[in-house]
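Accompanying notes for the structure given below.
The values are calculated or read from the model by the stated rules, or taken from the named source; none is laboratory data. Predicted model, so just to flag it, every value in this text is computed and none were measured. Cβ sites come from the backbone with ideal geometry, for glycine too, and all protein chains shown count toward neighbours.
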Amino acid sequence: MIDADVVTVFVAALLTALATGLGALPLLFARASDRTMLGLANALASGVMLGASVSLTLQAVDRSAMRAWLGVAAGVVFILVLSRYLHAPHRELGLGSLRGDDALKALLIVAVMTVHSVAEGVGVGAAFGGGETLGILIAVAIAVHNIPEGLAISLVLVPRGASVQSAAGWSIFSSLPQPLLAVPAFLFVDAFEGVLPVALGFAAGAMAWMVARELVPEALGQASVRAVVVTGIASFGAMLVFQAILL
Ligand SMILES: [Zn+2]
């Protein structure tokens, strides 16, 4: 077993963050958005996020079911409070060129995905604590898994008027907790192992809430129920298969 050093951990986690930006690239080829396309984009993003939250929950439960449950509950409460705050009437929201309700959705998805990266940053750092080989394996897995998550973010941002470049930028932003937290998690691996199931559960709860409360209802208002269900379940299944192959 080769011991990793701090620089390796930081660089590996930085590369995983940059990979998130690749998720915006398919949007370069997207046609001008109509309502149905927006509904399908929301359904696709829902499936990806739900798939990611299921695998986060499974990883958390593997470590400690009780802490995982606590984390999920805390994640739901967090996003509930955050969205209450953001939904408050007369609040002038802006995110880049987006305004009003579009900015609200964009802010929510960027916030939720950034919070969920915290758990993954801790995961990468803790894996490097178990040796360089394990660390690199997990970092590669997280990097590849970040690409569809960047796509999920871009699918919410671009149809609402954000440029592909800024969607890539926000995708990378949402993964910045990975390099920032991987290093302390690596240095203090024992302390972080204890909170990891809570952090994983927290991320899963926040993501599941975002899907159920924001993305799915919106998708149903834009595309037919059948199209939303088929797209959502197909992307959910694809994300689960993808993660099973990776880890
Ligand atoms: Zn993730």
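Can you pull out every residue in the stretch 110-131 that is at pLDDT 85 or above, farther than 18 Å from V54 by Cβ, surrounded by 23 or more Cβ atoms within 10 Å (Cβ to Cβ) and out of contact with any Pro (no Cβ under 6 Å at 6 or more places or on another chain)?
Selection gives V122, V124, G125, F128.
Can you name the residue in the stretch 1-42 that is among the hydroxyl-bearing types (S, T, Y) and modelled with pLDDT under 90 and, of all such residues, is surrounded by the most Cβ atoms within 10 Å (Cβ to Cβ)?
In the first step, residues of the stretch 1-42 are kept if they are among the hydroxyl-bearing types (S, T, Y); the result is 8, 16, 20, 33, 36.
Restricting the remaining residues to those that are modelled with pLDDT under 90 gives 33, 36.
On the way: S33: 15, T36: 12.
Filtering the stretch 1-42 for residues that are among the hydroxyl-bearing types (S, T, Y) and modelled with pLDDT under 90, the one surrounded by the most Cβ atoms within 10 Å (Cβ to Cβ) comes out as S33.
Pairs please, first residue from the stretch 127-152 and within 23 Å of A106 (Cβ to Cβ), second anywhere and in a loop (DSSP other than H, G, I, E, B) and within 14 Å of the ligand (Cβ to nearest atom), Cβ atoms under 6 Å, 6+ apart in sequence or on different chains.
N146/S175
Filter the stretch 163-207 down to residues that are of a type in the set (V, I, T) and away from the ligand (no atom under 15 Å from the Cβ) and give me whichever is nearest to the chain's Cα centre (by Cα). Working first, answer last.
Taking the stretch 163-207 first, the residues of a type in the set (V, I, T) are 164, 172, 183, 189, 195, 198.
Then drop every residue that is not away from the ligand (no atom under 15 Å from the Cβ), which leaves 164, 183, 189, 195, 198.
Values: V164: 18, V183: 20, V189: 23, V195: 19, V198: 16 Å.
Taking the candidates together, the pick is V198.
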